[in-house]
Amino acid sequence: MLKSLYLLSHQIDLNMKKVLTFLLTILTAVSAIAADSLTVFYRIRLDQDIDQSSQRLVTLGLEKAREADADYVLLDLNTYGGAVDAADSIRSAILRYEKPVIAYVNMQAASAGALISIACDSIYMKTGSSIGAATVVNQTGEVMPDKYQSFMRGMMRSTAQATGRDPKIAESMTDTANVLSMTPTEAIAVGYCEGICENEFEVADKVAGGNEFVIKNMEDDMTWLDRLIQLLLNPLLQSIFMMMIIGGIFVEIRTPGIGLPLITALVGALLYFAPGYIGHLVESWEILLFVVGLILIAMEIFVIPGFGVCGVTGIIAVIVSLAFAMVDNAELFHWDGTLNLQPILQPLGIVIISSSAAIFGSVWLVKKLYTTRSFDHIALREEMKASDGYTGVVSGLESLVSEPVVVFTDMRPSGKVKTTDGRIFEAVLQFGGFAAKGQTLKVTHAEQGRLYCEKL
């Protein structure tokens, strides 16, 4: 009897295990089905002018959405536009993204914002919002020449075609005579808007089709480094860093010697290039070009007296590197591989304007600083007058008159010469011109510590 009871209890135990296993299997399957039915939206909020920082923001957001395996990217837009080159880069990144990107026009999608919206797979708009007005203007709001408008029209048409929308409507947004801007109802009527929603949750609910959904915000995934890079990429700060670079270099050229101006320029360069390089916006060759420019300028200051080829080439290299660092290199070429200079024109203009402001600002600052009492602690104001017995003239130069000397550095027309006993002096070609290094000259006379020479 005991054996029978044991067998019965054992059988019951086995049956219970089977039931529990079956229930766990059912629960696991239900959980998997529930997880699969949960639609994930990744929200990127773009509520600023379109510039280099917003370009990185969207690019980074798409990468994080890919890592989160989101079903949809929800681009929350509220912008009046901005830089065309940055908008073009954002447009290209959205078109290349492998999953649907939804634009939610949260009040304004004007100019560059309209281009970005059209690149998205679907567009939803808030009541009272608008989309369009993509005419290219300058910083003062003045309409740019037709070649700029033509470039924008081409991008609007191609983007509309890529997303299955009417390209003529997109082109009308750039019409300088009668620019098109649409309300949500008007956009729905021409197929440029899928619906009107008052917030991102309504958008997600419509797209998910009544299924469960969750919205993940990009802000929650950003690290302190991401936020710091976004801060340093602010156009105002970038302009300040650029002025630090140009102003520091200019002052260093005017007052040769390793000091505060050079340190200021190097700090400005670090703050200008580092955020873009970490954020994959600046290429290595642009930094290398900048370094080469600095080396050429340093050679002009410390090795080759005067201001010649090295100095001019160095300054050009610095300006070009600063301009190209503001442009996505992928946008510098047309689809057929030919060079596209259009995106570089605006950054180059910004660099030139900032450089001019930095130079004038440096001159004003130096003059202002020189008049303050604080300057007495870092500079010597005392004049050493000849009447007091001071002299700055090297004595004994008269003995070199009529003697041959060898050009130590290229003379244009000033430079350095070397005497037969190995001494080096400042010298000038008496009748101007150029004398190459190694050429032999004759000293005609000495004046104020400087030798005057003529060619043999």
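Only residues that are over 15 Å from Leu400 (Cβ atoms) and basic (Lys, Arg) were counted across region 435-456, and they come to 2.
In this structure, Ile246 qualifies as within 28 Å of Ile316 (Cα to Cα) and hydrophobic (A, V, I, L, M, F, W, C). So for region 419-440 (the condition being surrounded by 10 or more Cβ atoms within 10 Å (Cβ to Cβ), among the basic types (Lys, Arg) and either in a strand (DSSP E or B) or modelled with pLDDT under 85 (or both)), does at least one residue qualify? Checked region 419-440: no residue is surrounded by 10 or more Cβ atoms within 10 Å (Cβ to Cβ), among the basic types (Lys, Arg) and either in a strand (DSSP E or B) or modelled with pLDDT under 85 (or both).
Per-residue answers, yes or no, for (1) within 16 Å of Asn106 (Cβ to Cβ); (2) among the hydrophobic types (A, V, I, L, M, F, W, C):
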| site | (1), (2) |
| --- | --- |
| Val179 | no, yes |
| Thr185 | no, no |
| Ala189 | no, yes |
| Glu198 | yes, no |
| Phe201 | yes, yes |
| Asp221 | no, no |
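Cβ-Cβ distances below 9 Å connect the following pairs, each with a first residue in region 280-300 that is in contact (Cβ under 8 Å) with a residue 24 or more places away in the chain and assigned to a loop (DSSP other than H, G, I, E, B), a second residue that is surrounded by fewer than 19 Cβ atoms within 10 Å (Cβ to Cβ) and not polar (S, T, N, Q), and a separation of six or more residues or different chains: Val282/Ala274; Glu283/Tyr277.
Among the residues of region 276-297, those that are at pLDDT below 80 and surrounded by 15 or more Cβ atoms within 10 Å (Cβ to Cβ) comprise Gly279, Leu281.
Do the conditions hold for Thr59, that is, is it assigned by TED's automatic domain parsing to the domain that holds Cys197, farther than 15 Å from Ala204 by Cβ and surrounded by fewer than 23 Cβ atoms within 10 Å (Cβ to Cβ)? Walk me through how you get there before you give the answer.
Values: assigned by TED's automatic domain parsing to the domain that holds Cys197: yes; farther than 15 Å from Ala204 by Cβ: yes; surrounded by fewer than 23 Cβ atoms within 10 Å (Cβ to Cβ): yes.
So Thr59 passes the test.
Tell me which residues, restricted to region 203-241, are in contact (Cβ under 8 Å) with a residue 24 or more places away in the chain, closer than 24 Å to Cys120 by Cα and among the charged types (D, E, K, R). Correct list: Lys206, Glu212, Lys216, Glu219, Asp221. Scanning region 53-75 for residues that are touching a helix residue (DSSP H, G or I) at 6+ places or on another chain (Cβ under 8 Å) and basic (Lys, Arg) gives Arg56, Lys64. The helices (runs of 4 or more DSSP H) falling completely within region 129-210 that include 3 or more residues that are of a type in the set (S, T, N, Q) map to 146-162.
Do we have Tyr80 as farther than 20 Å from Ser158 by Cα, surrounded by fewer than 22 Cβ atoms within 10 Å (Cβ to Cβ) and of a type in the set (Phe, Trp, Tyr) here? Yes, satisfied. Gln342: in contact with a Phe, Trp or Tyr (Cβ under 7 Å, 6 or more places away or on another chain) and either among the β-branched types (Val, Ile, Thr) or at pLDDT below 75 (or both), yes or no? Considered against the rule, which asks whether it is in contact with a Phe, Trp or Tyr (Cβ under 7 Å, 6 or more places away or on another chain) and either among the β-branched types (Val, Ile, Thr) or at pLDDT below 75 (or both), Gln342 comes out as yes. With the requirement that a residue be part of a strand (DSSP E or B) and surrounded by 17 or more Cβ atoms within 10 Å (Cβ to Cβ), what does region 400-417 give you? Answer for region 400-417, where residues must be part of a strand (DSSP E or B) and surrounded by 17 or more Cβ atoms within 10 Å (Cβ to Cβ): Val405, Val407, Met411, Gly415, Lys416, Val417. None of Gly164, Gly195, Gly191 is out of contact with any helix residue (DSSP H, G or I) (no Cβ under 9 Å at 6 or more places or on another chain) and in the same structural domain as Asp71 (by TED's automatic domain parsing) except Gly164.
When region 89-120 is examined, which residues are found to be of a type in the set (Val, Ile, Thr) and more than 22 Å from the chain's Cα centre (by Cα)?
Val101, Ile102, Val105, Ile118
Can you tell me which residues in region 301-314 are assigned to a helix (DSSP H, G or I), out of contact with any Asp or Glu (no Cβ under 8 Å at 6 or more places or on another chain) and at pLDDT below 85? First the steps, then the outcome.
First pass over region 301-314, keeping only residues assigned to a helix (DSSP H, G or I): 301-302, 309-314.
Add one more test, that the residue is out of contact with any Asp or Glu (no Cβ under 8 Å at 6 or more places or on another chain), and what stays is 302, 309, 312-313.
Within region 301-314, Phe302, Val309, Val312 meet the criteria.
For region 87-114, filtering for residues that are touching a residue at least 40 places away in the same chain (Cβ under 8 Å) and closer than 18 Å to Leu233 by Cβ leaves 4.
The values are calculated or read from the model by the stated rules, or taken from the named source; none is laboratory data. Worth saying up front: this structure is predicted, and the values here are computed from it rather than measured. As a convention, Cβ positions derive from the backbone with ideal geometry for all residues, glycine included, and neighbour counts pool all protein chains shown.
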